[in-house]
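S.K.: The following block contains the structure, expressed as C-alpha cells.
The values are calculated or read from the model by the stated rules, or taken from the named source; none is laboratory data. What you are looking at is a predicted structure, and each value in this text was computed from that prediction instead of being measured. All Cβ positions, even for glycine, are placed from backbone atoms using ideal geometry, and neighbour counts span all protein chains on display. Note: areas computed on protein heavy atoms with side chains; ligands, DNA, RNA excluded. Shrake-Rupley method; radii C 1.70, N 1.55, O 1.52, S 1.80 Å.
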Amino acid sequence: MTSSLILAIVTFVYGFSSVFYISSWIFNKKILARIGAALAVVAIFGNIAGFILRWVESYGHGYGHIPLSNLYESLVFFALTIAVVCLFLEWKYKNSHINAFSISLAFLIFAYASLKAGQGAGDIQPLIPALKSNWLTVHVMTCFLGYAGFAIAFGISIMYLAKKALSNNGKGLMGRLPDYDLLDELTQQTVMFGFLFLSLGIITGSVWANSAWGSYWTWDPKETWSLITWFVYAIFLHLRHVRGWNGTKIAMISIIGFMAVMFTYFGVNYLPGLHSYGKG
Amino acid sequence: MSRKKKPKGLFDKIWDIFSSVRLSVLVLLLLAATSIIGTVIPQNQLPDFYFHKYGEVLFRVFTTLNMFDMYHSWWFRFLILVLSMNITICSFDRLPHVWKIVRKKPSFDVEKFRRNKDTQTFKIKGSAQEKENLVIALVRKTFGHCVVEQKDGGFILFSEKGRYSRMGVYVVHSSILLLLMGGMLGSLRGFEGSMMIPEGETSSQVILRNTNEARQLDFSIRCDDFDMSHYDNGAPKEYRSDLTVFENDKEIFKKRIIVNDPLRYKGINVFQSSFGTLAGNGATLAFTSKDSGMVYERKIAMGESLELPENLGTFTLNHHSNSYGYMGHDLGECFIGKLTHGEQEPQEVILPIRFNGFDKMRKGAVSVAVVDYEKRYYTGLQVTKDPGVWLVYLGFILMIIGCWVAFFMSHQSLCVECQTMGDTGCRVMVSGSANKNRMGMALKIKRIASLIKDV
C-alpha cells in the first residue's frame, strides 16, 4: 500500500460520505447521515494514515520531512482539518444537516488534490533550505486550521443564503436545513475559530521569517493577502459583535472573507513572491 | 455634569468619531482594499522598470502617490495612525464601563433568570432539601463555585464565572498597538542590509537595503568557508557559511550558519541569504586553431594579454561575471575576453563555464574554452538589527491570549431554583445567561438540567 493509493481511496470515501449526508437531507432520513458520519470517520482515519505513510515514505527517499511542503500535501491536510472540524460541530450541536455542504468541501478539495497528483504534483520532493525548520509544521498546521474554520463558515453561510432564498415558509427541502439562528451562530463560531488560527498562522509565519531571514514582515504578497483576509474577518467580527449584524449580511461577509482565503491560498501564486512552494 | 448640558464641542465631536466602530470598519476596509495594490504592483523596483511597465503618465501618478513603496507611503501610514487612534480612544471610551461590570460585586436577580428564554423547568422526585447537596456538588463540578440562598420549601443557587473574559477584547486591541509600536521602533532604530564576503576575507561593512548606504558594524566577520550541497535530483539541500567574529582584532567566536540558523551578536542578526562565485586571479584556457586543429593550453591572469601561436592574434582576459545575458538567455557564470588580430576590429569573446563549446559558434580562426580556473565563493549575508522585535513578540502573545479569551470565554451566570411541591417531588428551574455565545450557554443549561434530572 502506498500513501498515494490510500489517499486516492480516501477521495472516494469522502465522496460517498457527502452523498450520504446530502441524501439524508434530501430524503429526510436520519440513518443516511449516520452512514455519512461513519464514512467520514473512515475517510479521516484513511486521510491520517495516508498522511503518516507519506511522511514515512519521504524518509525512504532519504530526505524525511512532514508532508506539508507543497500544494498537494497542503490540500490533503486542509481536507483533513475540514472533516475533523465538521464532525466536531455535528457532535457538539447534534445536527447532521450542518455537514450537508461542508463535508462536500473536503471531498472537492481531495478531488482537486488527486487531479493535481495525476499531473505529477503528488511526488515527494526534498525540502529546499528555506523550508527546513520546525516552524514549518506549526505554521502550516495553524494556517490550515484557520482556513478550515473559514471554509466551514463559508459552507454554512451558503446554506443560510440558500435557505433564505429558496425556502417556502420553513417547509420542504430548504426548511429541513438547520434553523437560521443555529446557522448564524455557527457562522460566527467557525469564523472566530478560523480567526484565532489565522492569527496564529500569521504569527508563527512571522516568527519563523524573523528567525530565518531576519525580518518578521516583508509585505510579500502571501503575507499581505493573509493580512487582507485577517482585515476582512476583523470587519466581520466588529460588525457582528459591536453593530449586531446577523443573518444575510453576515453570511455575505463570511463568503467575501472566504474568497480572500482562496486568493491567499491559490491566487497569490500568480503574483510575484516568496511562497512559491504553493504552486501546482 | 456641566459638559452634558453644553452643545458638543469640537473635542467631543472628534472623540465621538474616533470612538466609533463605524470608523474602525471603514479604516479596516480601506486598509484591506489598498493593501491589494502593493500585491499587484511590484514594490521597490528601480524607476526604469516602472517607467517601461506603466508608461510616463501612470508612472508620474503612481510616483506621486508613492505606489512603488506603498506600505511605507504617507497615506498608508496615515490609515494605520487613524486605526491606532481609533483603537486607543475606543478603549478609553468603553473600558471604564466594562471595568465597573468586572469589578462589581455580583448580584443575582432570580426574576430575570425566570424570564430568560433558555430557561428549563421540570419536576424531579424527592424534596428540595434532600437534593440540595447533590445539586450543589453537581453545579460545582460542571460549572463552578456557587452561592446558595435558602427560602421557604427550597433553595436558589447562583453561580457566575468568566468576569474577566470581558477584558479579552482590550487585550487584543492593546496587542495591536504593541505590534505597531514595535514596528515603528524597528523602522526608526533598526536596519536591514547585506554583506558579501569572499572566502578568507573579513568585512564589517553592511550595505543598507533601501538606501544602498554603507554602514560599519562594531565588529567584523570573516568568512572561513562557504559550501553548498545538493539532493540527488539537483535541488539545493543546504547552504552554509563558517564565520568568525572579530572585535578589535580579537577573535570572539566562530559559528557555522545555515538558512534558518543565523548568527546573533550584540543585537545584530546575520543570516545566510545568498552566495556567488568570484574568479580567482586567472584561468587556464584552451585555444583551438581552426586550420591546424592544434590545441594550446595557456594559463592567463586577469587583465593579461597573450600572444597566440600560429599568428592567431592577441587574447586579453578582461573580467569575470556571474551572469551574462545573451539573446534573452542568461548564460550564467562566464569569463569575458577580447581577441585582437592585426588591423581587424577587436572581437569580444564570451566563455560561459556551463557551455564550454560556446565560442565555437563565433566561427573564428581560433576558438577559446575554459579548461580550469581558480574559483572562490563569496557568501551573501543578510544583516538585520531590530530593537522592536520584543515588543512585536509580546504583541503576538497578547493577541493569541486575547483572541482566545474574547472568542471562547464568556461572562456566564447560572441559576438553579428548587422548590418542593407537595410530598412527591420538587420543581426545578435551571437558567443562565452569558454575554457571548448564547447558543452555547443554552446547550450548557440543557446539559446541566438533564444531569439534575438524574440526581
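S.K.: Which of the aspartates and glutamates could a cross-linker span from B:Lys151 if the Cα-Cα distance has to be under 13 Å and same-chain partners fewer than 8 positions apart are dropped?
M.R.: Cα-Cα hits under 13 Å: B:Glu132, B:Glu417.
S.K.: Just tell me how shielded A:225-238 is by partners: mean number of partner chain Cβ atoms within 10 Å of each residue's Cβ, no decimals.
M.R.: Other-chain Cβ atoms within 10 Å of each residue's Cβ, averaged: 4.
S.K.: Turning to a different aspect of this structure: Under 5 Å between amide hydrogens, which residues at least 5 positions from B:Gly313 or on another chain qualify, with H placed 1.01 Å from N in the peptide plane?
M.R.: Amide H neighbours of B:Gly313, under 5 Å, 5+ apart: B:Leu308.
S.K.: Where a Cα-Cα gap under 17 Å defines reach, which lysines qualify for B:Lys453, not counting those fewer than 8 residues away within the same chain?
M.R.: Of all the lysines, those that pass the test against B:Lys453 - Cα under 17 Å, at least 8 places apart if same chain - are B:Lys123, B:Lys125, B:Lys131, B:Lys141, B:Lys444.
S.K.: Report the local net charge at B:Cys90: Lys and Arg +1, Asp and Glu -1, summed over other residues whose C-beta lies under 14 Å from its C-beta.
M.R.: It works out to a net charge of +1.
S.K.: If one computes the Cα centroid of region A:30-85 and of region B:87-104, what distance in Å separates the two points?
M.R.: Rounded to whole Å, the Cα centres lie 46 Å apart.
S.K.: Express the relative contact order of region B:194-288 as a whole percentage, based on alpha carbon pairs under 8 Å and six or more residues apart in sequence. Show your work: numbers first, answer last.
M.R.: Working: 154 pairs, mean separation 16.1, N = 95.
It rounds to 17 percent for region B:194-288.
S.K.: Also: Give me, ordered by chain and number, the residues 5 or more places off B:Lys436 or on other chains with an amide H under 5 Å from its own placed amide H.
M.R.: B:His411
S.K.: Sticking with this one: Rounded, prolate or oblate: which fits chain A, taking a ≥ b ≥ c as square roots of the Cα gyration tensor eigenvalues, rounded meaning a/c under 1.5, else prolate when a/b beats b/c?
M.R.: Since a/c reaches 1.5 but b/c is at least a/b, the shape of chain A is classed as oblate.
S.K.: Next question, about the same structure. Can you list the HN-Hα couplings for region A:78-84, worked out from phi with the Karplus curve (6.51, -1.76, 1.60; θ = phi - 60°), rounded to whole Hz and with x for Gly and Pro?
M.R.: Coupling constants for region A:78-84: 4, 4, 4, 5, 4, 4, 5 Hz.
S.K.: Where q = 0.13, 0.17, 0.24 Å⁻¹, what log10 of I(q)/I(0) comes from the Debye formula for region B:199-251, counting one point per Cα?
M.R.: -0.48, -0.69, -0.90
S.K.: Continuing with this model, one more query. In Å², what does the accessible area per residue of the protein assembly as shown work out to with a 1.4 Å probe?
M.R.: I get 50 Å² per residue for the protein assembly as shown.
S.K.: How charged is the neighbourhood of A:Ile103? Take every other residue with its Cβ under 14 Å from the Cβ of A:Ile103, and add Lys/Arg as +1 and Asp/Glu as -1. Kindly include the intermediate steps, with their values, before the conclusion.
M.R.: Numbers: positive: A:Arg34; negative: A:Glu90.
Once all neighbours under 14 Å are counted, the net charge is 0.
S.K.: Right, next: Nearest 10 degrees is fine. How inclined is helix B:47-64 to the longest principal axis of chain B, computing both from alpha carbons?
M.R.: Between the helix axis and the principal axis of chain B, the angle is about 40 degrees.
S.K.: I need the semi-axes of the equivalent ellipsoid of region A:133-280: take the C-alpha gyration tensor, multiply each eigenvalue by 5, square-root it, list largest first in whole angstrom.
M.R.: Each semi-axis is the square root of five times an eigenvalue, giving 33, 14, 13 Å.
S.K.: So, one more: Between A:Phe12 and A:His61, what's the calculated FRET efficiency when r is the beta-carbon distance and R0 is 35 Å? Round to 0.05.
M.R.: 0.85
S.K.: Please work out, to two decimal places, the log10 of the ratio I(q)/I(0) at q = 0.12, 0.13, 0.17 Å⁻¹ from a Debye calculation in which every Cα of region B:279-375 carries one identical scatterer.
M.R.: Rounded to two decimals, the profile gives -0.34, -0.40, -0.69.
S.K.: Now, a different point. If the viscosity is 1.306 mPa s and the temperature 10 °C, what translational diffusion coefficient in µm²/s does Stokes-Einstein give for region B:10-101 when Rh comes from Kirkwood over Cα pairs?
M.R.: D = 103 µm²/s.
S.K.: Relative to 2.2 N^0.38 Å, what does the C-alpha radius of gyration of the protein assembly as shown come to as a ratio? Two decimals please. Display every interim value, and only then the final one.
M.R.: Working: Rg = 33.8 Å, N = 735, 2.2 N^0.38 = 27.0 Å.
After normalising by residue count via 2.2 N^0.38 Å, the value is 1.25.
S.K.: To continue, here is another question. With a point put 7 Å past each Cα toward its Cβ, work out how far B:Tyr231 is from A:Lys116 in nm, to one decimal.
M.R.: If labels sit at B:Tyr231 and A:Lys116, their model points lie 1.6 nm apart.
S.K.: Using mean Cβ contacts within 10 Å as the protection proxy, how do A:150-157, B:282-289 order, highest first? Intermediate values should be presented prior to the final figure.
M.R.: On the way: A:150-157: 28.0, B:282-289: 18.8.
So the peptides A:150-157, B:282-289, ranked by packing, come out A:150-157, B:282-289.
S.K.: In Å², rounded to the nearest 100, what is the total accessible surface buried by chains B and A against each other with a 1.4 Å probe?
M.R.: Approximately 4400 Å², summed over both chains.
S.K.: Follow-up. Ordered by residue, what ³J(HN,Hα) values in Hz, to whole numbers, does region A:136-153 give under the Karplus form 6.51 cos²θ - 1.76 cosθ + 1.60, where θ = phi - 60° and Gly and Pro are x?
M.R.: Computed from phi, the couplings for region A:136-153 are 3, 4, 6, 5, 5, 4, 5, 4, 6, 4, x, 4, 5, x, 5, 5, 5, 4 Hz.
S.K.: Viscosity 0.890 mPa s, temperature 25 °C: what is the translational diffusion coefficient of region B:154-240 from Stokes-Einstein with a Kirkwood Rh over Cα pairs, rounded to a whole number of µm²/s?
M.R.: 130
S.K.: Below 8 Å, C-alpha to C-alpha, sequence gap of six or more: please give me the relative contact order for region B:246-292 in percent.
M.R.: 21
S.K.: Once amide H atoms are placed 1.01 Å from N in the peptide plane, what residues at a sequence separation of 5 or more from B:Leu278, or on another chain, have their amide H within under 5 Å of its amide H?
M.R.: Excluding prolines and chain starts, which carry no amide H, the hits are B:Arg376, B:Tyr377, B:Tyr378.
S.K.: Report ³J(HN,Hα) in whole Hz for each residue of region B:358-364, in order, from the Karplus equation J = 6.51 cos²θ - 1.76 cosθ + 1.60 where θ = phi - 60°; Gly and Pro get x.
M.R.: Those phi angles translate into 3, 5, 4, 5, 5, 6, x Hz.
S.K.: For region B:222-350, what does the relative contact order come out to in percent, with C-alpha contacts under 8 Å and a separation of six or more?
M.R.: 11
S.K.: Quick check: net charge around B:Asn212, other residues with Cβ under 15 Å of its Cβ, Lys/Arg +1 and Asp/Glu -1?
M.R.: Value of the local net charge: -1.
S.K.: Convert 20 °C to kelvin, take the viscosity as 1.002 mPa s, use the Kirkwood radius over C-alpha pairs of chain B as Rh, and evaluate the Stokes-Einstein diffusion coefficient in µm²/s, rounded to a whole number. Mind showing how you got there, number by number?
M.R.: Values: Rh = 30.4 Å.
For the chosen part, D equals 70 µm²/s.
S.K.: Now for a separate question. DSSP loop (so not H, G, I, E, B), at most 15 other Cβ within 10 Å: list which trypsin sites (Lys or Arg not before Pro) in region A:16-63 pass both filters.
M.R.: When the trypsin sites (Lys or Arg not before Pro) of region A:16-63 are filtered for loop state and at most 15 Cβ neighbours within 10 Å, A:Lys29 remain.
S.K.: Considering lysine pairs in chain A that are 8 or more places apart or on different chains, how many have Cα atoms under 27 Å apart?
M.R.: 28
S.K.: Further question on the same structure: Which length gain, in nm to one decimal place, applies between B:Glu307 and B:Asn248 when the Cα-Cα distance is subtracted from 0.36 nm times their residue separation?
M.R.: Separation in residues times 0.36 nm, less the Cα-Cα distance, equals 16.4 nm.
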